[in-house]
1. Take the conditions modelled with pLDDT under 95 and not in a strand (DSSP E or B) and apply them to Arg52. Does it pass?
2. For Glu34, state whether it is touching a Lys or Arg at 6+ places or on another chain (Cβ under 9 Å) and either open to solvent by less than 40 Å² (accessible area, probe 1.4 Å) or part of a helix (DSSP H, G or I) (or both).
3. Restricting the search to segment 17-41, which residues are closer than 22 Å to Thr96 by Cα and hydrophobic (A, V, I, L, M, F, W, C)?
4. With respect to Thr66, is the statement that it is hydroxyl-bearing (Ser, Thr, Tyr), open to solvent by 20 Å² or more (accessible area, probe 1.4 Å) and at pLDDT below 95 true?
5. Going by the structure shown, is Ala40 without any contact (Cβ under 8 Å) to a residue 24 or more places away in the chain and among the aliphatic types (A, V, I, L, M)?
6. Of all the residues that make up segment 52-102, how many are under 20 Å from Pro24 (Cα atoms), out of contact with any helix residue (DSSP H, G or I) (no Cβ under 9 Å at 6 or more places or on another chain) and of a type in the set (D, E, K, R)?
7. What about Ala81, is it touching a residue at least 24 places away in the same chain (Cβ under 8 Å) and within 30 Å of Leu8 (Cβ to Cβ)?
8. Give me the residue from segment 1-17 that is farther than 11 Å from Tyr94 by Cβ and at pLDDT 90 or above and, out of that set, farthest from the chain's Cα centre (by Cα).
Amino acid sequence: MKAGNITLGVRLRIVLERDVAIGPGKADLLEAVEATGSIAAAARRMGMSYKRAWLLVDAMNRCFRTPLVAAAKGGEAGGGAALTPLGREVLHRYRTMEARAARGAARDLVRLKHALRSVRRR
């Protein structure tokens, strides 16, 4: 939601178990993998290191009953990565919850914004 030139919003982090969570960063990474077909390309798109992206994907894959991302090593075939059916479902459910949370909080966000002290940026 835009208010003037400032974006108001909700950043949703879903905690499924101790040390198992999905938030905007992991969801964005899943979307980037889906769009690019590659963990390395997804990392570049997001401005993160390949190692960081790979560790996040690996953590997500280990937390669910089946992997969220299927990856093939490079070589003659070129490698690549794609979301599995469960990966697409997890991403879809997260984005649905994110949208619902944003709609539910919209009025309160505006009220909180109006309650802020006016600060001029230099």
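The values are calculated or read from the model by the stated rules, or taken from the named source; none is laboratory data. Values in this document were obtained by computation on a predicted structure and should not be read as measured data. Positions of Cβ are generated from backbone atoms using ideal geometry, with glycine treated the same way; all protein chains shown enter the neighbour counts. We work out accessible area using only protein heavy atoms, side chains counted, and drop any ligands, DNA or RNA first. Shrake-Rupley method; radii C 1.70, N 1.55, O 1.52, S 1.80 Å.
1. Answer is no for this residue.
2. Spelling it out, Glu34 is indeed touching a Lys or Arg at 6+ places or on another chain (Cβ under 9 Å) and either open to solvent by less than 40 Å² (accessible area, probe 1.4 Å) or part of a helix (DSSP H, G or I) (or both).
3. Once the filter is applied, which keeps residues that are closer than 22 Å to Thr96 by Cα and hydrophobic (A, V, I, L, M, F, W, C), segment 17-41 yields Val20, Ala21, Ile22, Ala27, Leu29, Leu30, Ala32, Val33, Ala35.
4. No: the conditions fail for Thr66.
5. Taking the combined requirement at face value, the residue satisfies it.
6. Number satisfying all stated conditions: 5.
7. Against the criterion (touching a residue at least 24 places away in the same chain (Cβ under 8 Å) and within 30 Å of Leu8 (Cβ to Cβ)), Ala81 does not qualify.
8. Glu17
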